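The values are calculated or read from the model by the stated rules, or taken from the named source; none is laboratory data. None of the values given here were measured: they were computed from a predicted structure. With ideal geometry, Cβ positions are generated from the backbone for all residues, glycine too; neighbour counts draw on all protein chains shown. Surface accessibility is based on the protein's heavy atoms, side chains included, excluding ligands, DNA and RNA. Shrake-Rupley method; radii C 1.70, N 1.55, O 1.52, S 1.80 Å.
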Amino acid sequence: MFGTGVGLMVALLVVTLLVVPVSLGVAARADAKVRRLAESRASHPNLKGSVGIADVDERCDRWRQLATRAWAICGGASLVAVAVVGVLICVG
């Protein structure tokens, strides 16, 4: 009963269960960084120059994109893990 297909499913489950917490951590960290950058832009009056604002906005956008990708990876890996568990329950 434990053929190659089940072994591959277990390996896929292990990989997805490793990806989920890593991507969750990256997403939370990137969201926190975006929040801090937005707060620092609002609280520091010396960033009112166009160069300072553009730099903060660009960094904020990059962190926001990273957070979005990490949340998507986390959600996708979670769905794959749930599906694999469902298949393994049906098989086993």
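Observations on the model:
- Of the residues making up the range 65-79, those that are more than 8 Å from the chain's Cα centre (by Cα), within 25 Å of Met9 (Cβ to Cβ) and open to solvent by 60 Å² or more (accessible area, probe 1.4 Å) number 1.
- Residue ID - modelled with the lowest pLDDT, chosen from residues in the range 18-64 that are basic (Lys, Arg) and open to solvent by 80 Å² or more (accessible area, probe 1.4 Å): Lys48
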